[in-house]
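**Student:** Have a look at the structure that comes next, please.
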Amino acid sequence: MIDPAAYTPPYDHALCSALAARGEQVELLTSHFRHGERPAPDGYQLRDHFYRLGGPLPLRALQHPVDMLRLRRLPAADVTHFQWMPIQDIDRRLLPRGPVVLTAHDVIPREPRPGQLGALTELYNKVDAVIVHSEHGRGVLTEQLGVAAERIHVIPHGVFDYLTRVPGATPLPPELAAVERPVVLQFGLMREYKGIDLMIEAFAAAETDAELWVVGMARMPTEPLRDLAVAHGVAERVRFVDRFVSDSELGAFFERADLVTLPYRQIDQSGVLFTALAFEKPLLVTRVGGFGEIADRFGAAEAVAPNDPGALAAAITRLLGDPAARDRLSAAAGSLAHGELAWGSIADRTVELYSRLANR
């Protein structure tokens, strides 16, 4: 299992642990995670193979082809499964021996570099199998990039249930623990495509006395968001926690939330969604990427049109005023966490794919 830049430690850990629990021998090759502690390996081996010199992005980019070549000199695995290939034009030329699987977490980059889409299409058509997390992802690859349909396999994203059992969990900061109002939570890295501005506008229009908590490391300027809350007259009910939140802290935020929102402008799937499902929280999402499938197929979220603050506001008002509706969403989330989206099920489908490739 390979995640060169440690983009998704929670996903890597959950999948590797589930495969190991099936009796598979799994080694995760990745790099140092710069933002905090990684989950402790559970049944699998962990090695920091990439970017051993560390440093800023340009230095890591120089190390990348060397580390890919070092990967090719390792004993061949039955299957090599990449979670990410960050430099597609290089990666497609330096694939290791044996069957190679690539999970397309971001099916198409939101802001592709010149030539990146062409390199990505060639990469998708060169690996032995591409895993996507939704039928939406399958459609994007076949219809927009022309990837051969037989290479694409839909295996859902699993629910991050291990986050509900993190040792040494820490409570909310005192100023948040003292809040008595209902809480609407938008969690995760703050980026423009996640629609935080839309959420603030919708929250201001919603008929509720709740608080909105925007929690996560900022990857965009936050001052315009704060100004927006002031302009809409809700600054005293919108709180920003703009820093990295560790696994040990994360649970307290989700447990406190009465409603978790993902008003994204675009996405395929989101780890935040599968964290909210693990905590059996009612979800309000926009109908983008695979989000609609969670709402329509499983009934575990309420979905509204993207870029529509009015629809978001109406849904916030309705859900916060209807405990029974929130309970239904929570129950559906719990069913998924212990059923179709449990990691045991994900591991079974993944190993089935591995076996077909290895036998071929």
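The values are calculated or read from the model by the stated rules, or taken from the named source; none is laboratory data. Note that this is a predicted model, so its numbers are computed, not measured. FYI the Cβ positions are ideal-geometry reconstructions off the backbone, even for glycines, and counts take in every protein chain you see.
**Student:** Could you name every one of the helices (runs of 4 or more DSSP H) located completely within region 19-136 that has at least 2 residues being more than 25 Å from the chain's Cα centre (by Cα)?
**Tutor:** Output list reads 57-72.
**Student:** Checking GLY310 against (1) surrounded by 15 or more Cβ atoms within 10 Å (Cβ to Cβ); (2) not assigned by TED's automatic domain parsing to the domain that holds PRO99, only one condition comes out false. Which one?
**Tutor:** Among (1) surrounded by 15 or more Cβ atoms within 10 Å (Cβ to Cβ); (2) not assigned by TED's automatic domain parsing to the domain that holds PRO99, GLY310 violates only (1).
**Student:** Can you say whether LEU262 is in contact (Cβ under 8 Å) with a residue 60 or more places away in the chain and under 18 Å from the mean Cα position of the chain (by Cα), as far as the supplied structure shows?
**Tutor:** For LEU262, the condition - in contact (Cβ under 8 Å) with a residue 60 or more places away in the chain and under 18 Å from the mean Cα position of the chain (by Cα) - is met.
**Student:** Considering only residues that are surrounded by 12 or more Cβ atoms within 10 Å (Cβ to Cβ) and aliphatic (A, V, I, L, M), which ones fall in region 70-86?
**Tutor:** If the condition is that a residue be surrounded by 12 or more Cβ atoms within 10 Å (Cβ to Cβ) and aliphatic (A, V, I, L, M), then LEU71, LEU74, ALA77, VAL79, MET85 are the ones that fit.
**Student:** Also, I was wondering about something else. Checking the conditions here, which among LEU353, LEU341, LEU329 is in a helix (DSSP H, G or I), touching a helix residue (DSSP H, G or I) at 6+ places or on another chain (Cβ under 9 Å) and crowded, with 16+ Cβ neighbours inside 10 Å?
**Tutor:** Just one listed residue meets the conditions, LEU329.
**Student:** Can you name every one of the strands (runs of 3 or more DSSP E) wholly within region 237-320 that holds 1 or more residues which are among the basic types (Lys, Arg)?
**Tutor:** 238-241
**Student:** Additional query: Taking region 346-360 on its own, how many of its residues are of a type in the set (Ser, Thr, Tyr) and touching a residue at least 12 places away in the same chain (Cβ under 8 Å)?
**Tutor:** 2
**Student:** Quick test for you: out of VAL179, VAL184, VAL140, pick the one residue that is over 20 Å from PRO309 (Cβ atoms), assigned by TED's automatic domain parsing to the domain that holds GLU280 and not acidic (Asp, Glu).
**Tutor:** VAL179
**Student:** Evaluate region 327-342: report whether one residue or more is among the acidic types (Asp, Glu), closer than 22 Å to TRP213 by Cβ and in contact (Cβ under 8 Å) with a residue 60 or more places away in the chain.
**Tutor:** no
Rundown of residues vs (1) touching a Pro at 6+ places or on another chain (Cβ under 9 Å); (2) at pLDDT 95 or above, yes/no style:
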{"residue": "GLU255", "(1), (2)": "no, yes"}
{"residue": "VAL260", "(1), (2)": "yes, yes"}
{"residue": "ARG297", "(1), (2)": "no, no"}
{"residue": "ASP327", "(1), (2)": "yes, yes"}
{"residue": "GLU352", "(1), (2)": "no, yes"}
{"residue": "ASN359", "(1), (2)": "no, no"}
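**Student:** Right, next: In region 166-190, what residues are touching a Gly at 6+ places or on another chain (Cβ under 9 Å) and not hydroxyl-bearing (Ser, Thr, Tyr)?
**Tutor:** Within region 166-190, VAL166, ALA169, GLN186, PHE187, GLY188, LEU189, MET190 meet the criteria.
**Student:** So, one more: Is it the case that TYR11 is part of a loop (DSSP other than H, G, I, E, B), surrounded by 13 or more Cβ atoms within 10 Å (Cβ to Cβ) and modelled with pLDDT of 95 or more?
**Tutor:** Here the answer is no, as TYR11 does not meet what is asked.
**Student:** Have a look at ALA206, ALA218, ALA252 and point out the one that is closer than 23 Å to HIS338 by Cα and aliphatic (A, V, I, L, M).
**Tutor:** Going through ALA206, ALA218, ALA252 in turn, just one is closer than 23 Å to HIS338 by Cα and aliphatic (A, V, I, L, M): ALA252.
**Student:** Please verify whether ASP128 is acidic (Asp, Glu), in contact with a His (Cβ under 9 Å, 6 or more places away or on another chain) and at pLDDT 95 or above, treating the condition exactly as stated.
**Tutor:** no
**Student:** From the list VAL147, VAL154, which one is β-branched (Val, Ile, Thr) and under 20 Å from the mean Cα position of the chain (by Cα)?
**Tutor:** Checking each option against the conditions leaves just VAL154.
**Student:** Just give me the residues in region 202-236 being assigned to a loop (DSSP other than H, G, I, E, B), more than 23 Å from the chain's Cα centre (by Cα) and buried (at least 18 other Cβ atoms within 10 Å of the Cβ), in sequence order.
**Tutor:** Correct list: ALA206, THR208, ALA210, VAL234.
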